[in-house]
Amino acid sequence: MIKCPECGNPIEHEGSEIEKWPYGAKYEIICNFCNLKLIVLEDSDGGQSLSY
């Protein structure tokens with residue numbers, strides 16, 4: 001589960017897939033509480049990093 005860096009609320013939705021490559025994917029998620037748009041980069045091991 002991801003926490004919104006702006007309001008701190010948990011985000012459970014996995015978002016919509018923007019791009020997929022052999023060792024991971026890129027997703028776009030919008031926080032339901034503050035409407036912040038987040039880009040999540042996920043690697044094949046399940047590690048995630050956020051940008052907003």
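Report the equivalent ellipsoid semi-axes for the chain in whole Å, largest first, defined as the square roots of five times the eigenvalues of the gyration tensor built from alpha carbon atoms.
Equivalent ellipsoid semi-axes, largest first: 20, 11, 8 Å.
Of the peptides 45-52, 33-40, how do they stack up when ordered by the mean number of other Cβ atoms within 10 Å, highest first?
Top to bottom by mean Cβ count within 10 Å: 33-40, 45-52.
In debye, nearest 20: dipole of the chain around its Cα centre with unit charges on the Cβ of K, R (+) and D, E (-)?
It works out to roughly 160 debye.
Compute the length gained on full extension between Y23 and K3: take 0.36 nm times their separation in residues and subtract their Cα-Cα distance, giving the result in nm to one decimal.
4.9 nm
Quick one: which residues, 5 or more positions from G15 or on another chain, have an amide H under 5 Å from its amide H? H modelled 1.01 Å from N in the peptide plane, none for Pro or chain starts.
none
Here, each number is a calculation from the coordinates, and none is a lab measurement. These numbers come from a predicted model, not from an experiment. Methodologically, a virtual Cβ is constructed for each residue, glycine included, from the backbone with ideal geometry; neighbour enumeration extends over all protein chains shown.
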